[in-house]
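Enquirer: Just passing along the structure, written as structure tokens.
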Amino acid sequence: MKRQTLFMLCTIATAGLLTGCATTMTQSECLSADWYAVGLEDGARGQSMARLGTHRKQCAEFGVSPDVQAYQQGRLEGLDYFCTLSNGLEVGKAGRNYAGACPTGMEHYFMTGFRLGREIHRVRKEIYANRSEVKKAETEMQSEEATDERVVELRYRVRTLEREFGRMQSRLEYLELEEQRIVISDVSAGLTD
């Protein structure tokens, strides 16, 4: 059963990528919907139960009511794949938001990864901004319009940015080591289950 579910999730995820993860259901989708599979897909994407309301509203236009029980069962199983430490890490690193979809017993694991992933994302953005600012200052220093006084200011600014970069780079290295540690811990825990 688990193998079939995993295959179904992979198929759904691939279809979602190919269709751009459409947020509306067409008439034919509403009429032929496997509500368990719809719930499974929504759960695997971390959608809240409010998503069922959206499906209900869309399909009501075509005289179709969702099978709530099948949807909930599928969504809960999908959340088993979404609400993991590793997935929380990936969602956070991608800078995506979390809609609070994980059940209480699973949310701790997801949030542990999510917080670390968000911190990695934040530091990477800061590093990118730092490097952009250094490049901008270096370009300005090379321009013919830059006065000697402005060049001195810019050199000081670049040195300051380089020190900040060193601190940020150290922070990122620490976070990435922490990421490796928790991923290994998560994989090890999965092997003993």
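The values are calculated or read from the model by the stated rules, or taken from the named source; none is laboratory data. Note that this is a predicted model, so its numbers are computed, not measured. As a convention, Cβ positions derive from the backbone with ideal geometry for all residues, glycine included, and neighbour counts pool all protein chains shown.
Enquirer: Give the residues of the range 139-158 that are exposed (fewer than 11 other Cβ atoms within 10 Å of the Cβ) and either part of a helix (DSSP H, G or I) or among the hydrophobic types (A, V, I, L, M, F, W, C) (or both), sorted by residue number.
Expert: Of the range 139-158, the ones exposed (fewer than 11 other Cβ atoms within 10 Å of the Cβ) are 142-145, 147-149.
Result: 142, 148, 149.
Enquirer: Tell me which residues, restricted to the range 37-67, are more than 18 Å from residue 27 (Cβ to Cβ) and among the charged types (D, E, K, R).
Expert: Across the range 37-67, the qualifying residues are 41, 42, 45, 51.
Enquirer: Looking only at residues in the range 159-179 that are under 12 Å from residue 123 (Cα atoms) and in contact (Cβ under 8 Å) with a residue 12 or more places away in the chain, which one is farthest from the chain's Cα centre (by Cα)?
Expert: Going through the qualifying residues, I end up with 164.
Enquirer: Follow-up question, since we're still on this one. Between 48, 28, which is closer than 21 Å to residue 92 by Cα, of a type outside the set (Asp, Glu) and at pLDDT below 95?
Expert: On the way: 28 fails: closer than 21 Å to residue 92 by Cα.
Only one candidate passes the filter, namely 48.
Enquirer: For the range 57-110, what are the residues that are among the hydrophobic types (A, V, I, L, M, F, W, C), crowded, with 17+ Cβ neighbours inside 10 Å and within 21 Å of residue 180 (Cα to Cα)? Spell out how you get there, then give the answer.
Expert: Residues of the range 57-110 that are among the hydrophobic types (A, V, I, L, M, F, W, C), as a first pass: 59-60, 62, 64, 68, 70, 76, 79, 82-83, 85, 89, 91, 94, 99, 101-102, 106, 110.
Checking the rest, the ones that are also crowded, with 17+ Cβ neighbours inside 10 Å come to 59, 64, 70, 79, 82-83, 85, 89, 91, 101-102, 106, 110.
82, 83, 85, 89, 91, 106, 110 - these are the residues of the range 57-110 that are among the hydrophobic types (A, V, I, L, M, F, W, C), crowded, with 17+ Cβ neighbours inside 10 Å and within 21 Å of residue 180 (Cα to Cα).
Enquirer: In addition: Just one of (1) of a type outside the set (Val, Ile, Thr); (2) over 30 Å from the mean Cα position of the chain (by Cα); (3) under 21 Å from residue 95 (Cβ atoms) trips up residue 128, so point out which.
Expert: Evaluating residue 128 over (1) of a type outside the set (Val, Ile, Thr); (2) over 30 Å from the mean Cα position of the chain (by Cα); (3) under 21 Å from residue 95 (Cβ atoms) leaves (2) as the failure.
Enquirer: With (1) at pLDDT 95 or above; (2) in a helix (DSSP H, G or I); (3) buried (at least 20 other Cβ atoms within 10 Å of the Cβ) as the list, and residue 115 as the residue in question, which single condition is left unmet?
Expert: Single failed check for residue 115: (3).
Enquirer: In this structure, is residue 129 over 30 Å from residue 83 (Cα atoms), assigned to a helix (DSSP H, G or I) and without any contact (Cβ under 8 Å) to a residue 24 or more places away in the chain? Explain how you work it out, then say what you get.
Expert: Values: over 30 Å from residue 83 (Cα atoms): yes; assigned to a helix (DSSP H, G or I): yes; without any contact (Cβ under 8 Å) to a residue 24 or more places away in the chain: yes.
Against the criterion (over 30 Å from residue 83 (Cα atoms), assigned to a helix (DSSP H, G or I) and without any contact (Cβ under 8 Å) to a residue 24 or more places away in the chain), residue 129 qualifies.
Enquirer: Still on this model: Check the range 94-105 and report whether any residue there is of a type in the set (Phe, Trp, Tyr) and either more than 23 Å from the chain's Cα centre (by Cα) or part of a loop (DSSP other than H, G, I, E, B) (or both).
Expert: Of the residues in the range 94-105, the ones of a type in the set (Phe, Trp, Tyr) are 98.
Going one step further and asking which of them are either more than 23 Å from the chain's Cα centre (by Cα) or part of a loop (DSSP other than H, G, I, E, B) (or both), we end up with 98.
Yes - at least one qualifying residue is present in the range 94-105.
Enquirer: Just one of 139, 104, 160 is closer than 24 Å to residue 48 by Cβ and among the β-branched types (Val, Ile, Thr); which is it?
Expert: Numbers: 139 fails: closer than 24 Å to residue 48 by Cβ; 160 fails: closer than 24 Å to residue 48 by Cβ.
Criteria check complete, one pass: 104.
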